[in-house]
Each structure stands twice: as C-alpha cells, then as structure tokens.
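Engineer: Got a structure for you, questions after.
Taken together, the values in this text are just the output of simple stated rules run on the coordinates, not laboratory data. Source: prediction; values computed, not measured. Note that each Cβ is placed from the backbone with ideal geometry, even for glycine, and that neighbours are counted across all protein chains shown.
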Amino acid sequence: MPNKILFFDNCYMIKIGFQQILEKYSNLPFVTVLWNNSDDTMNGAIDFHEPDILIINLDTIKKKVANKTVDYINKNHKKLKIIFLSSFITELIFEIFSLKGVLGFLHVNSKKSDIINCLKSVQNKQAYISPNLKNKIKQNQVKNSLKINNLDFLTKKEIDIIELIIKRKTTKEIALFLNNSPRTIETHRRNIAEKLDILGQGKLTYFLVENKKIFSKNMVLTLKSKTIIE
C-alpha cells in the first residue's frame, strides 16, 4: 500500500466515506482536502504533502482544473499515481486521461473491495476501472452506435458540415467552402453536437473522426433517401 494518499473533493460525505474505508484497511496517512477548484492551490498541496497516490473527484472538481493538475504532476511529480473518482465518465474522458497517465477510475459508490483493488492495482502501476464505470461506458458506446447508424435526424447542411469536420477542416474553412459565416457554422456545430448527445467544446471533432467509417457509410445512404429542400 502507498505511504500517503491525498484526496481532492468538495463533497464532505464522500471524503469521510473513503477515509473510513481506508483507515480500516491501513494505518497509513490519508490526507483529505475540501477544495475550491483552483489548480494553483491544488499544485501547492501536492508539493506540500508529497503523496504517493492522488484521488480527484471529477464530480466536484472541474475537469479543466483536474487536467491542469495532471499536467503539473506529469511535469513535476512523475512518480505520483492518479485515481479519478466519478459517477460517470465518457469514453473520451477515459481515453484522454488514460493517455496522460491516470491509472485508476473509480465509481463514487464503489464498494470497499473495489476501492482496495483499485489502490492495489495503481500502486503496482496497473490500470484499473470500476465495473460500474466500464459498464456505463459500454452502454454509452451502444447508444452512440445506434445514433450514428441512422442519420435521418440530420439536415443535408449538417451532413455536409460533418463530412468537412471529418476531413479536419476548421470552422473558418468550412464557412468559406459552404459560403456561410463562421458564426453560422458554429451554430450548426452546436446543433449537431446536441443531436448526437455530445457535450463540451472540442469533443464533436474527436467523436466524428473516431467514428468516420460508420458516418461516411451512413451519410451516403441517408442522403440517397432524403428529398432535400434548403
């Protein structure tokens, strides 16, 4: 087990719950911090406490703050192992932070055995994801697959924009190509993201590029079946 665990959270009850579980399992120091979503002060706490494992609750700590903290750790505390705690993470969040070296992904309502298994795996530099989170990611993948296999809910303009996004065209380039203003293209991008249940700036391009083979095939079929008047 690690020598010290630092826990960043804004939820007092979750913090106490984890502390009680780990105190029964080990006598090792467990430092808990109620946080205010400031990456500078989080970095200072890491420098001061020098933990072996850092746990961040993504449900209460902003993802952009968590992201900056992970970058700071990778630069200044490379031996520090990171666990994210959340009620749900998207496949995108999982992939991005896994690539950045986050080893553990725990569900907020994890059982004692799940928490201990995660800590053991992370301590041994092995990746771990709670069964609950893994199942939710799979369910979301199925949901997205169903969406992109039937694109009738998209307009021809939206399909044209998707094709250009997949080709890695910027908003300005798409606007020029389609003879629209960048603001109009941004509006279309937001509408597409909403229809595909994709939330967050920058995630639309990633999602479309990752699923470009399915999109390319189904966009052709959709366009053939539509009578378009715009």
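Engineer: If each residue of separation counts as 0.36 nm, what is the full-extension length gain between residue 98 and residue 187 once their alpha-carbon separation is subtracted?
Structural biologist: 28.9 nm
Engineer: At a threshold of 8 angstrom on Cα-Cα distance, excluding pairs fewer than six apart, so keeping six or more, what relative contact order does the stretch 37-100 reach in percent?
Structural biologist: 41 percent
Engineer: Of the peptides 53-60, 68-75, how do they stack up when ordered by the mean number of other Cβ atoms within 10 Å, highest first? All intermediate terms of the calculation are to be shown ahead of the outcome.
Structural biologist: On the way: 53-60: 22.1, 68-75: 16.2.
My ranking of the peptides, most packed first, is 53-60, 68-75.
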